[in-house]
Structures are given as C-alpha cells and as structure tokens.
Amino acid sequence: MSSQIVMRWAGLSDAWNASYEDYINGFGDPTSAVYWFGLENFHRLTAAGLYGLNLWLDGKDGNQGTYNYPYVKVLSRASRYALRASNVQVRVSGMTSLSVFA
C-alpha cells in the first residue's frame, strides 16, 4: 500500500491565502510546512481506483485525533470537486467536543 500526502499545515496563520486556482492546482512541497496536493490532482488520483483517506490532527493544546475514511473520491471540477466519503472511523484523545460530517 502506498500513500500520498495531500495536505500539510504547520500552524502558519496566513499560509492559506491562496487563490482558488492555487487550490485547484496545488501549492507548496510535501516536505514543507505548508502544502496542498490540489483538487484536480486529488480528483485524478481518486478517479483511477479505490482510495482511502487518513487524517492525523494535532491540536495546539496537545489533543490529538485521527479520522479514517476507508473510501474517498473527489469528483470533477464540473461537480465543484465534491468529496464523497464513507464509513468514517474517529479516534480522539483529550477533546471535549467533536462533530463529524461525512
């Protein structure tokens, strides 16, 4: 099984001031503090087969959470890159409230 980093954000508050086209095409480098794989790249990747999505979150207060989507697909630009996901599994430590929408 291989993996692809699709986003990294290391707490830089102004890092996400990118244009819509930047979000479509992607920006940054997977090894840098700020990286976005790109909606079109995400669409092409998930259109080619079955993919899952794992999210690892570390809060500034030390709380941690993981979200595992065994099946995920990003639709085309014509569909405004809608995300389709199923069967989310959530593990959270130290959080007092949590909302999950899938």
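Read-outs throughout are calculated quantities, based only on the coordinates presented, and are distinct from any laboratory measurement. It should be emphasised that the depicted structure is a prediction, and the values quoted were computed from it without experimental measurement. Positions of Cβ are backbone-derived with ideal geometry, glycine not excepted, and every protein chain shown enters the neighbour counts.
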Add +1 for every Lys or Arg and -1 for every Asp or Glu among the other residues with Cβ under 11 Å from the Cβ of G28, and state the total.
-1
For each of S2, S76, count neighbouring Cβ atoms within 10 Å of the residue's Cβ, then give the residues from fewest to most.
S2, S76
Would you work out if region 7-93 is rounded, prolate or oblate? Take a ≥ b ≥ c from the square roots of the eigenvalues of the alpha-carbon gyration tensor; rounded if a/c is under 1.5, else prolate when a/b is larger than b/c, oblate otherwise.
oblate
Taking K and R as +1 and D and E as -1, what net charge do the other residues with C-beta under 13 Å from the C-beta of G52 add up to?
+2
